[in-house]
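The values are calculated or read from the model by the stated rules, or taken from the named source; none is laboratory data. Because the structure is predicted, anything quoted here is derived from the model rather than measured. FYI the Cβ positions are ideal-geometry reconstructions off the backbone, even for glycines, and counts take in every protein chain you see.
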Amino acid sequence: MKFLKILVFPIIVAILAAILQVTDQLLSPHLLPSGNHGFTWIAFQTWALYFIAGCNVKGGIKTIIAVVVGIIASIIIMNGAGWFGLLGFFAIPASLFVFVIPVICLEKVPWMDFIPGIFIGAGAFFVFMTYIPYATFGSAALTEIIYLFLGLFWGWMSITFRGMYEKAIAKYNLK
């Protein structure tokens, strides 16, 4: 019985992960620029953020805010690189230096203080803009937000199923 107790939740998570991949494969031809094969990786990152943020509604809301702040910060940094264009090679580093300072100061602002989420949101946005042909700020932001919500929903489902499983273990006194 101990074997069953140990394996059931990992199997549930594996099933959820497989369903997430199937969902992405069904959605991506309709949501993404031609030739792309999906962005499940964004959903997996936000699934992890749900856990890091505390596995609750407040953490989920903070994750949403953080990822959106990361997207906005990325747009500002990318535009800022244009403003620092005369610096050539150092345009992006200069923009990062200037604009990351206020972003990190958000750690003192309630509801905007989930800095790991901001970094994940910004990183995913930069990846999208760097590696997806013909990406626009709008297409990158919309795609990232869709997958943000998928990841948060899967995080919520995994916690919900874990609670159901643990109640069943307790109810039937499985050891």
Note on residue 65: of the conditions (1) farther than 24 Å from residue 161 by Cα; (2) at pLDDT below 95; (3) in contact with a helix residue (DSSP H, G or I) (Cβ under 9 Å, 6 or more places away or on another chain), unmet is (2)
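For the stretch 69-92, name all the residues that are among the small types (Gly, Ala, Ser) and touching a residue at least 24 places away in the same chain (Cβ under 8 Å).
So in the stretch 69-92, the residues among the small types (Gly, Ala, Ser) come out as 70, 73-74, 80-82, 85, 88, 91.
Those that are among the small types (Gly, Ala, Ser) and touching a residue at least 24 places away in the same chain (Cβ under 8 Å): 70, 73, 74.
Here are 119, 84, 99: which of them is more than 19 Å from residue 42 (Cβ to Cβ), out of contact with any Phe, Trp or Tyr (no Cβ under 9 Å at 6 or more places or on another chain) and aromatic (Phe, Trp, Tyr)?
Values: 119 fails: more than 19 Å from residue 42 (Cβ to Cβ); 84 fails: out of contact with any Phe, Trp or Tyr (no Cβ under 9 Å at 6 or more places or on another chain).
Unique residue meeting the criteria: 99.
If you take just the helices (runs of 4 or more DSSP H) that sit entirely in the stretch 56-175, which of them hold at least 2 residues that are within 30 Å of residue 4 (Cβ to Cβ)? Even if it seems obvious, please write down each step before you answer.
Numbers: elements: 57-83, 91-105, 115-131, 137-171.
Those helices (runs of 4 or more DSSP H) span 137-171.
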Going through the stretch 95-142 in order, the residues found to be at pLDDT 90 or above, surrounded by 15 or more Cβ atoms within 10 Å (Cβ to Cβ) and hydroxyl-bearing (Ser, Thr, Tyr) are 95
